[in-house]
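Before any comments, here is the structure.
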Amino acid sequence: MTDELIGYDALALGGLIRNGEISPVELLNITIRRIEKINPTLNAVIHKMYDQARETAENWRAELSAGQATGAVFCGVPFLLKDLIVEYRGAPFNEGSRAVKGYISKLDSELVKRQKAAGLIIVGKTNTPEFGYLPMTDPSIYGPTINPWDPSLTPGGSSGGSSAAVAAGIVPMAHGNDGGGSIRIPASCCGLFGLKPTRGRNPLGPLFGDLGGGIVCEHAVTRTVRDSAALLDVTSGADLGDPYSAPPKERPFLAEMERDVGSLKIGFLIGVPEGWSEKIKLHPDCENAVKDAAQLCESLGHTVEELTPDQLSHPNILQMYGHIWSCLIGHIIAYWERELGKKIRQDELEPLNWEDYQAGLNITGADYLVTVEEIQRFSRKIARWHYEGGYDLLLSPTMRIPPTKLSVFESTDPVKWLEVARSFNAFTRIQNLTGQPAMSVPIFWNEANVPIGVQFAGRFGDEATLFRLAAQLERARPWADRKPLIHCSHQS
């Protein structure tokens, strides 16, 4: 049944299992065979959790036989967990760092508890750059993950391992997190749907409540929009003691996809606002992708207006984000030094992380709080733009350039790394600062058959509009059946 199941998304697979057409154990074995066959080429799965997964699959099979598991929407569906932030008790947890290698998680994160309760079977953990720092996936400890569409290209990051695995057909969806574009960037590079939820929509506990001033969010990369909506339905909601939570949803996100999206007012950018990044123009492929998306939205009945970049500009965005991230790296290293009971040495960290860690040591508490206040003022400016201007969504490229060659990141020069990284996240990091939801949608491929995602950012708390529009775009320009060069269905 392997070939017959290639096109099924997670919701469809859950339905097959509940109907008794395939058992969780059978589906798990198919997934394990896919990993063993294709992962040596991809290098997407770095920790195999087959024993835990087999035990879980047997438990779900027993519950199904007893008629006790019918309410789990993803009952028995294999899933991959990104090796960053969230933990699975008893599994290796390294966050892409030599400094943490050998650590075994002592607990399940709240998000993992909810994933398990929804029926997902976690079969492995995926590759990530050290501490999720860079928007590509080539940590020195595990080596690079390749892009299934072109093995010479990066799959993006930091959820690059998860995205490569989904794009290649190993699983229909996989976990990701996003502190500056780390769900949306690899989704763009790999031709997937990637949603960063509103700040506080998914839990970060029990270990964390506010990572980097609230810039980090949890969710997933998926092949279909409905899988993303259904997964967010079962994982979202404040945990006890959370410092903040997203506005409550009016109805299930999956149900939003069936509602009429109406006529939206969408502003779109083909220029980079002052301060968002260096003053370099968009790559033609990214500009073409945005213009194509704008025309598609207009043909679907939406009002689409080109914006001048200065309407959303702020001269200090790079500095603000840099301060927050340097402090976050300092927090991560301090956390691991406490947890491991040792000092982390320079030779245990990748050069850019060490450089940023050192920079963060010179940022005072007053500097940090001034930066947080400035970010909050900018967030109010963006909120006023949405509400006073009547704009439902902001359309932009997901990335300023297409996915680059893997060799670009072989340099040990931190300045070069940062220059490329800023080309990747020029448009995505803004929503991490403001807390808004944003999605990368795969509706454009360039002449080399490489996906170029476009980003839609919504009002704070308004994932519903994003899901409704995404469903409309998916119907108008289907992408789920497009297969990259490296895909399970191509393997004999």
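Data overview
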quantity: Student exercise, the chain dipole from Lys, Arg, Asp, Glu Cβ charges, in Debye to nearest 20; calculated: 360 debye
quantity: Size of electric dipole in segment 186-334: Cβ of Lys, Arg +1 and of Asp, Glu -1, about Cα centre, debye, nearest 20; calculated: 180 debye
quantity: Nitroxide proxy distance, nm - points 7 Å out along Cα→Cβ at N19 and R251; calculated: 2.5 nm
quantity: Unit charges at the beta carbon, dipole of segment 324-385: most positive-side option, I382, V372, S326; calculated: I382
quantity: Extension reserve of the R259-V372 stretch, reckoned as 0.36 nm per residue once the Cα distance is removed; calculated: 37.0 nm
quantity: Unit charges at the beta carbon, dipole of the chain: most positive-side option, S407, G458, A99; calculated: A99
quantity: Charge-dipole axis of the chain as Lys and Arg at +1 and Asp and Glu at -1 on Cβ define it, positive-most pick from G14, Q472, I146; calculated: G14
quantity: Between segment 45-98 and segment 276-308, the alpha-carbon center distance in angstrom; calculated: 40 Å
quantity: For peptides 442-453, 425-436, sequence by mean Cβ density within 10 Å, most packed first; calculated: 425-436, 442-453
quantity: Sum of -39500 (n - 2.57) over DSSP H runs of 4+, divided by residues of the chain (222 nm, nearest 500); calculated: -12000 deg cm²/dmol
quantity: Binned Cα-Cα distances of segment 376-442, short to long, each 10 Å bin given as a whole percent; calculated: 17, 40, 27, 13, 3
quantity: Relative contact order (%) - criterion: Cα under 8 Å, at least six apart; region: the chain; calculated: 18 percent
quantity: Whole-angstrom Cα spans of the chain along principal axes, big to small; calculated: 60, 59, 45
quantity: Mean Cβ count within 10 Å, highest first, over the residues of peptides 121-133, 98-110, 215-227, 173-185; calculated: 173-185, 121-133, 215-227, 98-110
quantity: Nearest-20 debye value, segment 414-470 charge dipole, Cβ charges on Lys, Arg, Asp, Glu; calculated: 140 debye
quantity: Between segment 118-166 and segment 331-376, the alpha-carbon center distance in angstrom; calculated: 24 Å
quantity: Span-rule helices in the chain, defined as complete DSSP H runs reaching 30 Å or more along the axis (Cα) with Kyte mean at least 0.0; calculated: 317-340
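Bear in mind that the values in this text are calculations on the coordinates, not laboratory data. Just so you know, these numbers come straight off a predicted model, no measurement behind them. A quick note on method: Cβ atoms are made from the backbone with ideal geometry, for glycine too, and the neighbour counts reach across all protein chains shown.
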